[in-house]
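Undergrad: Starting off with a structure, shown below.
The values are calculated or read from the model by the stated rules, or taken from the named source; none is laboratory data. Everything numeric here is computed off the predicted structure, so don't read it as measured data. Positions of Cβ are backbone-derived with ideal geometry, glycine not excepted, and every protein chain shown enters the neighbour counts. Heads up: the accessible areas ignore ligands, DNA and RNA and are worked out on the full protein's heavy atoms, side chains in. Shrake-Rupley method; radii C 1.70, N 1.55, O 1.52, S 1.80 Å.
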Number of protein chains: 2
Amino acid sequence: MDEKLEQAIVDIVGKDNFTRNIIDLVSYSCDASEHSHRPLCAVFAETAEQIADIMKLANLEKIPVTPRGAGTGLSGMAVPIRSGMVLDLSRMNRILKISIEDRLAVVQPGVIYATLEKALAPKGFFFPPDPASGKVSTLGGNVATNAGGLKGAKYGTTRDYVLGLQVVLPDGRIMRTGSKAMKSVSGYDLTRLFVGSEGTLGVVTEITFKINPRPTATSTALATFDNLEDTGNAINQIMHSGVIPSALEILGRETIAAINQNTDLNLPEVEAMLLVEADGYTRGETEFQIQKVLGIFEANHPREVKQAKTEAEVKNLWAARKSAYPVLSRIKPSTVLEDVTVPMTHIAELLKGVQDISKRHDIPIATFGHAGDGNLHPQILYDEYDPVQVEKKEKAIRDLFELAIGLDGTLTGEHGIGLSKAPFMTLEHDPVAMDMMRTLKKTFDPNNILNPGKMALEG
Amino acid sequence: MDEKLEQAIVDIVGKDNFTRNIIDLVSYSCDASEHSHRPLCAVFAETAEQIADIMKLANLEKIPVTPRGAGTGLSGMAVPIRSGMVLDLSRMNRILKISIEDRLAVVQPGVIYATLEKALAPKGFFFPPDPASGKVSTLGGNVATNAGGLKGAKYGTTRDYVLGLQVVLPDGRIMRTGSKAMKSVSGYDLTRLFVGSEGTLGVVTEITFKINPRPTATSTALATFDNLEDTGNAINQIMHSGVIPSALEILGRETIAAINQNTDLNLPEVEAMLLVEADGYTRGETEFQIQKVLGIFEANHPREVKQAKTEAEVKNLWAARKSAYPVLSRIKPSTVLEDVTVPMTHIAELLKGVQDISKRHDIPIATFGHAGDGNLHPQILYDEYDPVQVEKKEKAIRDLFELAIGLDGTLTGEHGIGLSKAPFMTLEHDPVAMDMMRTLKKTFDPNNILNPGKMALEG
């Protein structure tokens with residue numbers, strides 16, 4: 001790296017906010033995906049103005065800039081695949097304002113999801129998207145990837161809660177979008193163009209979120225099923241019953257087996273398990289909902305139906321669900337966690353299709369996920385040092401995406417495109433939509449310096 | 001109008017779908033705003049392919065095309081201000097699919113909001129945005145303006161329910177955006193770029209909506225207050241209380257007086273009235289919420305607090321609220337209905353400010369609106385044939401927008417920019433945001449033929 005360039009960067013952010021240390025750069029090569037590529041340097045920004053200057057410099061020198069929160073993304077969006085500079089936003093970590101009466105929180109992008117949750121909890125409020133990575137992932141990353149989670153069916157995803165942004169554009173201009181008002185239809189929706197754009201259109205430097213009062217009652221139940229038809233029917237009947245569970249989770253046979261091998265939870269070894277939570281303000285409200293769900297369970301030939309009666313039982317049920325990803329990740333040296341999403345009537349077909357793909361390519365795939373919004377997580381287990389297994393994994397992934405798109409679904413419900421799903425974008429999007437996305441990228445970032453190489457935007 | 005051009009249009013849509021009849025063109029000059037301008041012709045489209053051909057022809061001949069649903073817009077977005085062709089979408093009025101299990105409805109743009117509501121009601125589902133114009137306005141118009149209504153605070157606006165679109169771009173290409181899955185983060189959010197774009201970026205030809213189960217219980221209450229401070233405090237305390245009412249409406253003194261003059265409702269002549277509805281699945285749930293609200297009412301020096309005990313009482317309360325706009329519209333020959341929106345803590349200041357503006361310019365302004373999301377409707381009453389009153393109205397509008405923006409608010413919570421608010425766009429948006437909106441318009445529509453002259457996009 002050119003010394004003059006290094007000095008120019010240090011002049012902007014200060015010496016303590018710049019690193020070329022090899023240990024740092026190795027860390028900045030990776031996120032939570034299987035991709036990696038080493039940057040030339042990494043820079044911490046502390047203000048929007050610093051980022052504006054960095055972007056102006058990057059444009060002048062044609063250096064790629066890859067924004068990064070906590071690096072928990074599963075699709076490689078924070079991997080600096082064209083090298084250049086990683087722009088680490090984790091030091092912009094202040095909660096600027098919480099106004100309960102206005103139902104809003106204003107934060108910097110480096111605030112951890114859980115930190116905001118902790119600040120809101122004593123006031124009886126929460127920020128509903130609830131990504132599984134919430135203990136470590138940043139709110140800027142949540143916005144960049146439109147993070148979602150367990151509560152998606154009832155509460156939607158990050159997109160539904162972003163009221164406004166401050167953004168540094170690729171050319172270094174600073175812009176405000178949206179409003180601090182709950183509702184605005186003033187001009188184009190620039191805000192949501194940035195939500196989910198994976199740091200390719202601008203660097204988010206401030207976020208105004210809508211927040212919600214936290215429900216004060218929940219009821220929880222589970223059922224196990226010996227076949228996928230019954231499971232699918234139960235899901236469809238719940239969706240039809242007039243209640244929207246705050247969580248409706250599914251664990252497949254392979255996932256259950258893995259949990260049993262690695263924990264003391266002793267789950268029944270069945271084809272699928274459904275775990276449902278209903279929320280509200282009163283016990284009567286949540287019981288009304290859960291009784292509907294229990295009735296539907298009973299009507300669909302369950303192996304077992306169980307309602308959690310105590311706080312400890314509730315914890316146990318969620319422990320099973322939440323252990324799925326870490327437990328499965330331990331079985332083989334490598335895993336890919338997919339997040340295909342289909343209309344809910346196609347969930348049983350998707351589950352069966354995944355089993356077929358697993359058999360066809362002789363590679364283990366365990367599935368769990370959010371049945372309430374059709375978002376499933378087939379987790380493919382393999383050894384990245386075994387070329388045969390890597391090839392099987394690649395074939396299984398392509399088959400999986402073709403299956404999901406064939407079922408009117410999408411490549412990704414919450415993990416984003418990044419590098420991992422970029423080759424499959426044209427499976428889902430027609431040529432005109434692809435062209436419009438690429439045109440938007442060129443319009444915002446003509447020199448292609450902001451997070452280049454992602455989302456198939458260069459094709 | 002050139003005969004060759006007329007023939008070319010008729011060749012695309014057929015003779016029955018074309019008109020140059022002067023009576024028709026006078027109708028197509030107007031929407032529900034004070035603006036009007038006569039088009040050269042009006043065209044009904046029946047398919048996306050016809051619209052694609054129309055757009056190609058319009059590009060070739062440089063004829064402005066203004067898409068139109070039911071023409072209920074209050075800001076002039078359907079007025080063909082540059083003449084040319086009105087593209088009437090009301091004959092594309094089929095509900096293509098309702099799948100309750102998948103929580104979605106697929107419709108053509110000309111379907112009336114109330115028609116979809118009627119189709120969903122027997123299944124226990126609804127489409128929550130609930131615009132006041134819902135009995136006549138089209139879903140395509142709802143999407144183009146991101147329509148909202150009474151239930152905004154709890155349920156959000158149209159934007160939150162659009163999963164995907166089919167759109168004809170200004171150059172005649174047909175594109176699909178979004179997904180039929182509940183969640184997708186696959187590529188840029190093209191869908192929401194069209195929502196609220198007022199027909200300036202593309203013509204929406206098919207919409208996939210998320211739908212919700214309809215709550216099965218409601219509780220309703222009202223309070224009247226002798227001063228705005230108490231009213232504002234009550235609103236803030238409700239927002240802070242942990243419940244989100246499904247409606248939290250406010251009627252100001254002048255509105256109440258007008259209702260009393262024109263109906264038998266006999267409302268108390270107070271400074272403000274708050275009307276609250278809580279919804280849920282069970283009576284216990286809605287009572288829990290409404291008791292909280294009643295407690296807050298009692299603590300803020302109300303003139304009167306009342307809970308509706310019967311269906312008839314509920315109807316009466318809502319009749320008062322729903323009569324506001326028509327009743328006020330009858331007092332003077334002309335009215336402008338604004339929809340400034342502010343963070344909820346500023347509602348009392350906004351109301352006081354509106355009274356000041358009314359006094360300062362000696363022009364009656366009556367206010368009502370959605371206190372639950374800060375969206376107020378100051379309705380300015382004047383005579384459009386009296387130049388003095390017109391000037392007063394213009395001054396009052398500018399003061400009103402400056403007031404709202406000064407209170408961290410937005411020009412428009414649900415009526416859109418169109419022609420009426422275009423001159424004030426730069427009050428709200430910084431120069432970079434204005435530039436990005438104009439750049440987007442140029443990128444999508446380089447010949448500026450799709451609904452030109454709106455939203456200050458040419459500045």
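Undergrad: Kindly establish whether residue A:328 is in contact (Cβ under 8 Å) with a residue 40 or more places away in the chain, under 20 Å from residue A:381 (Cα atoms) and crowded, with 22+ Cβ neighbours inside 10 Å.
TA: Working: in contact (Cβ under 8 Å) with a residue 40 or more places away in the chain: yes; under 20 Å from residue A:381 (Cα atoms): yes; crowded, with 22+ Cβ neighbours inside 10 Å: yes.
Spelling it out, residue A:328 is indeed in contact (Cβ under 8 Å) with a residue 40 or more places away in the chain, under 20 Å from residue A:381 (Cα atoms) and crowded, with 22+ Cβ neighbours inside 10 Å.
Undergrad: Determine, yes or no, whether residue A:290 is over 24 Å from residue A:349 (Cα atoms), open to solvent by less than 10 Å² (accessible area, probe 1.4 Å) and assigned by TED's automatic domain parsing to the domain that holds residue A:373. First the steps, then the outcome.
TA: Numbers: over 24 Å from residue A:349 (Cα atoms): yes; open to solvent by less than 10 Å² (accessible area, probe 1.4 Å): yes; assigned by TED's automatic domain parsing to the domain that holds residue A:373: yes.
Answer is yes for this residue.
Undergrad: Regarding the range A:46-57, can at least one residue be identified that is under 28 Å from residue A:96 (Cβ atoms) and free of Cβ contacts under 8 Å to residues at least 24 places away in the same chain? Steps first, please.
TA: Just the residues of the range A:46-57 that are under 28 Å from residue A:96 (Cβ atoms), to begin with: A:46-57.
When the remaining residues are screened for being free of Cβ contacts under 8 Å to residues at least 24 places away in the same chain, the result is none.
Looking for residues that are under 28 Å from residue A:96 (Cβ atoms) and free of Cβ contacts under 8 Å to residues at least 24 places away in the same chain, one finds none in the range A:46-57, hence no.
Undergrad: Right, here's the next one. Can you tell which of A:143, A:106 is touching a strand residue (DSSP E or B) at 6+ places or on another chain (Cβ under 9 Å), crowded, with 22+ Cβ neighbours inside 10 Å and either without any contact (Cβ under 8 Å) to a residue 40 or more places away in the chain or within 12 Å of another protein chain (Cβ to nearest Cβ) (or both)?
TA: Values: A:106 fails: crowded, with 22+ Cβ neighbours inside 10 Å.
Just a single option satisfies the conditions, and that option is A:143.
Undergrad: Can you pull out every residue in the range B:412-439 that is farther than 23 Å from residue B:337 by Cβ, touching a residue at least 12 places away in the same chain (Cβ under 8 Å) and open to solvent by 30 Å² or more (accessible area, probe 1.4 Å)?
TA: Start the filter on the range B:412-439 by keeping residues that are farther than 23 Å from residue B:337 by Cβ, which leaves B:430-439.
Filter once more, so that each one left must be touching a residue at least 12 places away in the same chain (Cβ under 8 Å): B:434, B:437-438.
Of everything in the range B:412-439, just one residue is farther than 23 Å from residue B:337 by Cβ, touching a residue at least 12 places away in the same chain (Cβ under 8 Å) and open to solvent by 30 Å² or more (accessible area, probe 1.4 Å), namely B:438.
Undergrad: So, residue B:390, is that one within 14 Å of chain A (Cβ to nearest Cβ), touching a strand residue (DSSP E or B) at 6+ places or on another chain (Cβ under 9 Å) and part of a helix (DSSP H, G or I) or not?
TA: Details: within 14 Å of chain A (Cβ to nearest Cβ): no; touching a strand residue (DSSP E or B) at 6+ places or on another chain (Cβ under 9 Å): yes; part of a helix (DSSP H, G or I): yes.
Criteria not met by residue B:390.
Undergrad: Give B:397, B:380, B:365 a once-over and let me know the one that is farther than 22 Å from residue B:273 by Cβ and either of a type in the set (S, T, N, Q) or within 21 Å of the chain's Cα centre (by Cα) (or both). Spell out the reasoning first.
TA: Values: B:380 fails: farther than 22 Å from residue B:273 by Cβ; B:365 fails: farther than 22 Å from residue B:273 by Cβ.
The match here is B:397.
Undergrad: When residue B:442 is evaluated against the numbered criteria (1) of a type in the set (Lys, Arg); (2) surrounded by 22 or more Cβ atoms within 10 Å (Cβ to Cβ); (3) over 29 Å from residue B:347 (Cα atoms), which criterion, by number, is the only one it fails?
TA: (2)
Undergrad: Related question: Give just the number: which of (1) more than 9 Å from chain B (Cβ to nearest Cβ); (2) open to solvent by 10 Å² or more (accessible area, probe 1.4 Å) does residue A:225 not satisfy?
TA: The one condition residue A:225 does not meet is (2).
Undergrad: Which residues, taken from the range B:267-322, are among the basic types (Lys, Arg) and more than 14 Å from every other protein chain (Cβ to nearest Cβ)?
TA: Step one: filter the range B:267-322 for residues among the basic types (Lys, Arg), giving B:283, B:292, B:303, B:306, B:309, B:315, B:321-322.
Correct list: B:303, B:306, B:309, B:315, B:321, B:322.
Undergrad: Taking the range A:14-28 only, how many residues are surrounded by fewer than 17 Cβ atoms within 10 Å (Cβ to Cβ) and touching a strand residue (DSSP E or B) at 6+ places or on another chain (Cβ under 7 Å)?
TA: Selection size over the range A:14-28: 2.
Undergrad: Of all residues in the range A:165-219, count the ones that are more than 8 Å from chain B (Cβ to nearest Cβ) and under 20 Å from the mean Cα position of the chain (by Cα).
TA: Restricting attention to the range A:165-219, the residues satisfying the condition of being more than 8 Å from chain B (Cβ to nearest Cβ) are A:165-168, A:170-172, A:178, A:191, A:194, A:198-200, A:202-211, A:215, A:217-219.
Pick out the ones that are also under 20 Å from the mean Cα position of the chain (by Cα) and you get A:165, A:191, A:194, A:198-200, A:202-211.
Number satisfying all stated conditions: 16.
Undergrad: Within the range B:322-366, track down each residue that is among the basic types (Lys, Arg) and either within 16 Å of residue B:32 (Cα to Cα) or touching a helix residue (DSSP H, G or I) at 6+ places or on another chain (Cβ under 9 Å) (or both).
TA: Just the residues of the range B:322-366 that are among the basic types (Lys, Arg), to begin with: B:322, B:330, B:332, B:352, B:359-360.
Scanning the range B:322-366 gives B:330, B:332, B:352, B:360.
Undergrad: A follow-up question, please. Could you figure out which of (1) touching a residue at least 40 places away in the same chain (Cβ under 8 Å); (2) under 30 Å from residue A:420 (Cα atoms); (3) within 14 Å of chain B (Cβ to nearest Cβ) isn't true of residue A:124?
TA: (2)
Undergrad: Sticking with this one: Considering only the range B:393-427, state which residues are among the polar types (S, T, N, Q) and more than 10 Å from chain A (Cβ to nearest Cβ).
TA: Applying the first criterion (among the polar types (S, T, N, Q)) to the range B:393-427 yields B:410, B:412, B:420, B:426.
The answer is B:420, B:426.
Undergrad: Residue B:31: of a type in the set (D, E, K, R), under 21 Å from residue B:70 (Cβ atoms) and modelled with pLDDT of 95 or more, yes or no? Give the steps one after another, and end with the answer.
TA: Numbers: of a type in the set (D, E, K, R): yes; under 21 Å from residue B:70 (Cβ atoms): yes; modelled with pLDDT of 95 or more: yes.
Considered against the rule, which asks whether it is of a type in the set (D, E, K, R), under 21 Å from residue B:70 (Cβ atoms) and modelled with pLDDT of 95 or more, residue B:31 comes out as yes.
Undergrad: Does the range B:165-180 contain at least one residue that is within 27 Å of residue B:277 (Cα to Cα) and in contact with an Asp or Glu (Cβ under 9 Å, 6 or more places away or on another chain)? Talk me through it step by step, then tell me what you get.
TA: As a first pass, look at the range B:165-180 and keep what is within 27 Å of residue B:277 (Cα to Cα): none.
Looking for residues that are within 27 Å of residue B:277 (Cα to Cα) and in contact with an Asp or Glu (Cβ under 9 Å, 6 or more places away or on another chain), one finds none in the range B:165-180, hence no.
Undergrad: Continuing with the same structure: Which condition breaks for residue A:131 when tested against (1) under 30 Å from residue A:242 (Cα atoms); (2) open to solvent by less than 20 Å² (accessible area, probe 1.4 Å); (3) in contact with a strand residue (DSSP E or B) (Cβ under 7 Å, 6 or more places away or on another chain)?
TA: For residue A:131, the exception is condition (3).
Undergrad: Still on this structure, I have one more. Can you tell me which of (1) out of contact with any Ser or Thr (no Cβ under 7 Å at 6 or more places or on another chain); (2) open to solvent by 30 Å² or more (accessible area, probe 1.4 Å) is the one residue B:364 doesn't meet?
TA: (1)
Undergrad: Scanning for something crowded, with 24+ Cβ neighbours inside 10 Å, within 17 Å of residue A:351 (Cβ to Cβ) and under 28 Å from the mean Cα position of the chain (by Cα), does the range A:241-248 turn up at least one residue?
TA: yes
Undergrad: Within the range B:163-176, restricting attention to residues that are open to solvent by less than 10 Å² (accessible area, probe 1.4 Å) and touching a strand residue (DSSP E or B) at 6+ places or on another chain (Cβ under 9 Å), which residue is farthest from residue B:127 (Cα to Cα)? Before the answer, list the steps.
TA: Initial filter on the range B:163-176 (open to solvent by less than 10 Å² (accessible area, probe 1.4 Å)): B:164-165, B:167-170, B:172, B:175.
Remaining after also requiring touching a strand residue (DSSP E or B) at 6+ places or on another chain (Cβ under 9 Å): B:164-165, B:167-170, B:175.
Numbers: B:164: 15, B:165: 16, B:167: 21, B:168: 24, B:169: 27, B:170: 29, B:175: 25 Å.
Residue satisfying both the conditions and the ranking: B:170.
Undergrad: Restricting to the range A:75-103, and then to whatever is charged (D, E, K, R) and open to solvent by 40 Å² or more (accessible area, probe 1.4 Å), can you tell me which residue is farthest from the other protein chains (Cβ to nearest Cβ)? Full working, then the answer.
TA: Of all residues in the range A:75-103, those charged (D, E, K, R) come to A:82, A:88, A:91, A:94, A:97, A:101-103.
Now drop any that are not open to solvent by 40 Å² or more (accessible area, probe 1.4 Å), which leaves A:82, A:91, A:94, A:97, A:101.
Values: A:82: 19, A:91: 25, A:94: 19, A:97: 11, A:101: 4 Å.
Looking at the filtered set, the residue picked out is A:91.
Undergrad: So in the range A:440-454, with the set limited to residues that are touching a residue at least 60 places away in the same chain (Cβ under 8 Å) and in contact with a helix residue (DSSP H, G or I) (Cβ under 6 Å, 6 or more places away or on another chain), which one is nearest to the other protein chains (Cβ to nearest Cβ)?
TA: Ranking the candidates gives A:447 first.
Undergrad: Between a first residue in the range B:184-199 that is among the aromatic types (Phe, Trp, Tyr) and a second residue that is part of a loop (DSSP other than H, G, I, E, B), which pairs have beta carbons less than 6 Å apart while being 6 or more apart in sequence or on different chains?
TA: Within 6 Å, the pairs are B:188/A:197; B:194/B:201; B:194/B:202.
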